[in-house]
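Scroll down for the structure; my scribbles are underneath it.
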């Protein structure tokens, strides 16, 4: 496997994640949700996504308050369209959902796996 040009940036982002991302990572790491391996701050195409399950081609994004700004909403939408054009599914959660209802992320992974017949 060749090292992506995004790898150093992804590594830096892993070390500077926010509270919601850190807690979700603690919850998802090591295939805890039905054995699905999830990677944190993982390159997908030209982007680095918060979490990715390559087997399911599933991206999980945790959005803080800044993602409510009009210009960020537009940028997120365009980014999501490009990621989905690569064959991935993108699901989004707010920081509040990630911190207050983290099981919703587990359930979303399971639903997506079932939708793929896995």
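The values are calculated or read from the model by the stated rules, or taken from the named source; none is laboratory data. The model shown is predicted, which means the values in this text are computed figures rather than measured ones. We place every Cβ from the backbone using ideal geometry, glycine too, and count neighbours over all the protein chains shown.
Miscellaneous remarks
- Look at the range 24-45: where a residue is free of Cβ contacts under 8 Å to residues at least 12 places away in the same chain and a partner is outside any strand (DSSP E or B) and crowded, with 21+ Cβ neighbours inside 10 Å, sitting 6+ places away or on another chain with Cβ atoms under 8 Å, you get 29/38; 31/38.
- Just so you know, in the range 37-55 the residues that are assigned to a loop (DSSP other than H, G, I, E, B) and in contact with a helix residue (DSSP H, G or I) (Cβ under 6 Å, 6 or more places away or on another chain) include one that is surrounded by the most Cβ atoms within 10 Å (Cβ to Cβ), and it is 38.
Rundown of residues vs (1) out of contact with any helix residue (DSSP H, G or I) (no Cβ under 7 Å at 6 or more places or on another chain); (2) assigned to a strand (DSSP E or B); (3) closer than 19 Å to residue 20 by Cβ, yes/no style:
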| position | (1), (2), (3) |
| --- | --- |
| 34 | no, no, no |
| 59 | no, yes, yes |
| 83 | yes, no, no |
| 91 | no, yes, yes |
| 98 | no, no, yes |
| 114 | yes, no, no |
| 117 | yes, no, no |
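- Selection over the range 58-93 of residues that are modelled with pLDDT of 90 or more, more than 20 Å from residue 111 (Cα to Cα) and exposed (fewer than 11 other Cβ atoms within 10 Å of the Cβ) gives a count of 4.
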